[in-house]
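*Asks:* First the structure, then my questions, so here it is.
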Amino acid sequence: GISQLRFKPAYNPYTEPSMEVFSYHEGLKKWVEVGNSGVFRPELLLPMGLPENVSVIAWGLSLERPTMIKYGINNIRELVGHRVNLQMVYDSPMCRLDV
């Protein structure tokens, strides 16, 4: 359902080049980061025994942002880290095991 995307060069310590992916959120009327990507730097791959000429692509979705929007969380520190409200976690399970 994402129809508007923007891509922006970025800095990540483990990948080079790196890129952030943004999507326009109609409800918020602003661009929201939804992902990140890049090519792993060679010095990270050599300890794994991979040849120098191998390139490895890394990417990931930013699941924190959509979760913040869904639950009305304004500060990411309330979602990740020591300030997490555990009662919110119990009241809003991400998956159900009783189905």
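*Asks:* Need pairs with beta-carbon distance below 7 Å; first residue in the same structural domain as V32 (by the TED database) and within the stretch 74-91, second open to solvent by less than 80 Å² (accessible area, probe 1.4 Å); sequence gap 6+ or separate chains.
*Replies:* Pairs found: none.
*Asks:* Of all residues in the stretch 59-78, which are of a type in the set (A, V, I, L, M, F, W, C) and open to solvent by less than 40 Å² (accessible area, probe 1.4 Å)?
*Replies:* Selection gives M68, I73.
*Asks:* Also: Does any residue of the stretch 79-87 turn out to be at pLDDT 90 or above and loosely packed, with under 15 Cβ neighbours inside 10 Å?
*Replies:* The first filter runs over the stretch 79-87 and keeps only residues at pLDDT 90 or above, leaving none.
Looking through the stretch 79-87, none of the residues is at pLDDT 90 or above and loosely packed, with under 15 Cβ neighbours inside 10 Å.
*Asks:* For residues in the stretch 23-32 being closer than 13 Å to P66 by Cβ and of a type in the set (A, V, I, L, M, F, W, C), which is surrounded by the fewest Cβ atoms within 10 Å (Cβ to Cβ)?
*Replies:* Taking the stretch 23-32 and keeping what is closer than 13 Å to P66 by Cβ, we get 23, 25, 27-28, 32.
This time we only want the ones that are of a type in the set (A, V, I, L, M, F, W, C), so: 28, 32.
Numbers: L28: 9, V32: 15.
Here the answer is L28.
*Asks:* Within the stretch 33-58, take every residue that is open to solvent by 50 Å² or more (accessible area, probe 1.4 Å) and either of a type in the set (D, E, K, R) or not assigned by the TED database to the domain that holds S23 (or both) and give me the one that is farthest from the chain's Cα centre (by Cα). Even if it seems obvious, please write down each step before you answer.
*Replies:* Filtering the stretch 33-58 for residues open to solvent by 50 Å² or more (accessible area, probe 1.4 Å) gives 40-44, 46-55, 57.
Imposing the further condition that a residue be either of a type in the set (D, E, K, R) or not assigned by the TED database to the domain that holds S23 (or both) reduces the set to 41, 43, 52.
Working: R41: 19, E43: 23, E52: 28 Å.
Per the stated criteria, the residue is E52.
*Asks:* Checking S23 against (1) among the polar types (S, T, N, Q); (2) at pLDDT below 85; (3) in contact with a Leu (Cβ under 8 Å, 6 or more places away or on another chain), only one condition comes out false. Which one?
*Replies:* (2)
*Asks:* From the residues in the stretch 2-20 that are open to solvent by less than 90 Å² (accessible area, probe 1.4 Å) and in a strand (DSSP E or B), which one is farthest from I57 (Cα to Cα)?
*Replies:* Of the stretch 2-20, the ones open to solvent by less than 90 Å² (accessible area, probe 1.4 Å) are 4-5, 10, 12-13, 15, 18-20.
Then keep just the ones that are in a strand (DSSP E or B); that gives 5, 10, 12, 15, 18-20.
Numbers: L5: 20, A10: 15, N12: 13, T15: 9, S18: 10, M19: 11, E20: 14 Å.
Among those that are open to solvent by less than 90 Å² (accessible area, probe 1.4 Å) and in a strand (DSSP E or B), it is L5.
The values are calculated or read from the model by the stated rules, or taken from the named source; none is laboratory data. As the structure is a prediction and not an experimental result, all values here were calculated from the model. Using ideal geometry, Cβ is built from the backbone for each residue, glycine included, and neighbour counts are taken over all protein chains shown. Please note that ligands, DNA and RNA were not included when accessible areas were found on the heavy atoms of the full protein model with its side chains. Shrake-Rupley method; radii C 1.70, N 1.55, O 1.52, S 1.80 Å.
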